[in-house]
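**Q** The structure under discussion is supplied below as structure tokens; questions concerning it will follow.
The values are calculated or read from the model by the stated rules, or taken from the named source; none is laboratory data. What you are looking at is a predicted structure, and each value in this text was computed from that prediction instead of being measured. Here the Cβ positions follow ideal geometry from the backbone for every residue, glycine too, while neighbour counts run over all protein chains shown.
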Amino acid sequence: MRYPPVKNKTVLITGCSSGIGLATALLLREHGWDVAPTARKEKDIERLRADGFSPIVLDLFDSGSVNNAAGEALELFGGTIGALVSNAGFAQVGAVEDISREDLRRQFEVNLFGMQELANRLIPQFRKQGWGRVVNVSSVYGRVTAPMVGAYCASKHAMESLSDALRMELRGSGVAVSLIEPGAIRTEFRRNAAEQAERSLDPQSAQFGKRYDRIISRREERLRKERPFSLPPEAVARKIRHALESSRPKARYCVTLPAHLAAFLRRVLPTSLIDRILSSSVSN
């Protein structure tokens with residue numbers, strides 16, 4: 001489907017402290033976009049400011065922060081805005097039986113509820129303009145579910161469903177909605193997930209305690225070790241740019257070969273075989 005171009009190349013990007021968000025902010029600025037990056041921590045805000053951006057504080061867990069960030073972005077861009085890139089999020093590691101209600105709620109508050117609340121604050125302006133783009137950074141785990149990251153997978157599956165519904169509801173408005181589905185990207189994501197596991201899981205009393213110990217103790221090693229077929233965050237940033245600038249943006253963009261392969265195999269393999277393959281990685 002053809003969409004009108006973004007007439008005002010202004011974009012709000014969430015989760016820009018490092019990795020995909022920062023790479024996207026830098027790439028889009030290089031190609032003429034006026035970028036408002038967001039971060040939660042003051043030290044990251046200061047670093048973005050030092051890099052020449054006009055950053056916005058955003059904590060997706062807090063509705064007040066979401067509303068303030070949307071209003072600040074609209075004010076910064078003179079009342080119009082070209083695009084929203086929702087990249088902020090985290091992974092709650094652990095077996096489903098070990099995830100507390102509080103931790104499951106936080107996973108969804110950040111990865112889903114805050115993301116959609118921010119989009120909902122900007123959609124009226126997009127509709128009024130008759131053009132705009134929404135790009136949500138999902139994951140290959142938005143298509144395929146794996147053990148030990150069930151909460152994260154659930155949040156990304158939900159993101160995909162909401163994005164699909166939003167895309168259909170916005171049909172004819174001039175506003176495009178795209179999903180980005182990265183596989184392994186060379187960022188601090190895995191280390192951050194291990195740190196979250198250390199805060200929220202008790203290896204001593206859990207069925208998968210030995211596995212949790214390995215995840216936590218090897219976080220630095222996991223960060224240094226390059227996973228096969230992994231790509232730098234700039235590879236994701238280039239897909240995001242295409243979704244923002246193309247007259248025919250795709251509904252979904254896979255990034256990395258494993259992401260393409262997983263999406264394909266999910267369609268053609270029986271569930272029992274997928275279960276056998278993925279559950280083989282769970283050992284204690």
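**Q** Among the residues in segment 80-101, are any over 28 Å from Leu273 (Cα atoms) and in a helix (DSSP H, G or I)?
**A** yes
**Q** Considering every residue within segment 151-165, establish whether at least one is modelled with pLDDT of 95 or more, part of a loop (DSSP other than H, G, I, E, B) and under 26 Å from Arg238 (Cα atoms).
**A** Scanning segment 151-165 turns up no residue that is modelled with pLDDT of 95 or more, part of a loop (DSSP other than H, G, I, E, B) and under 26 Å from Arg238 (Cα atoms).
**Q** Something else about it: Scan segment 61-82 for residues that are closer than 30 Å to Val149 by Cα, out of contact with any Asp or Glu (no Cβ under 7 Å at 6 or more places or on another chain) and among the hydrophobic types (A, V, I, L, M, F, W, C) and report the count.
**A** Counting residues in segment 61-82 that are closer than 30 Å to Val149 by Cα, out of contact with any Asp or Glu (no Cβ under 7 Å at 6 or more places or on another chain) and among the hydrophobic types (A, V, I, L, M, F, W, C) gives 1.
**Q** Answer yes or no: is there a residue in segment 42-56 that is assigned to a loop (DSSP other than H, G, I, E, B), modelled with pLDDT under 95 and surrounded by fewer than 19 Cβ atoms within 10 Å (Cβ to Cβ).
**A** no
**Q** A further question on this structure: From the list Asp98, Asp59, which residue is modelled with pLDDT under 95 and charged (D, E, K, R)?
**A** Just a single option satisfies the conditions, and that option is Asp98.
**Q** Would you call Val85 within 22 Å of Lys239 (Cα to Cα), buried (at least 18 other Cβ atoms within 10 Å of the Cβ), touching a Pro at 6+ places or on another chain (Cβ under 8 Å) and among the hydrophobic types (A, V, I, L, M, F, W, C)?
**A** No, not satisfied.
**Q** While we're here: Across segment 54-66, what is the number of residues that are in contact (Cβ under 8 Å) with a residue 12 or more places away in the chain and in contact with a Leu (Cβ under 9 Å, 6 or more places away or on another chain)?
**A** 6
**Q** Would you please list the contacts, defined by Cβ atoms under 8 Å and residues six or more apart or on different chains, that run from a residue in segment 227-251 that is farther than 15 Å from Glu181 by Cα and modelled with pLDDT under 95 to a residue that is crowded, with 17+ Cβ neighbours inside 10 Å and of a type in the set (Ser, Thr, Tyr)?
**A** none
**Q** Are any residues in segment 1-33 over 23 Å from Arg171 (Cα atoms), outside any helix (DSSP H, G or I) and out of contact with any helix residue (DSSP H, G or I) (no Cβ under 7 Å at 6 or more places or on another chain), and if so, which ones?
**A** Correct list: Ser18, Gly32, Trp33.
**Q** Does Ala184 satisfy the condition of being of a type in the set (Gly, Ala, Ser), modelled with pLDDT of 65 or more and within 19 Å of the chain's Cα centre (by Cα)?
**A** Against the criterion (of a type in the set (Gly, Ala, Ser), modelled with pLDDT of 65 or more and within 19 Å of the chain's Cα centre (by Cα)), Ala184 qualifies.
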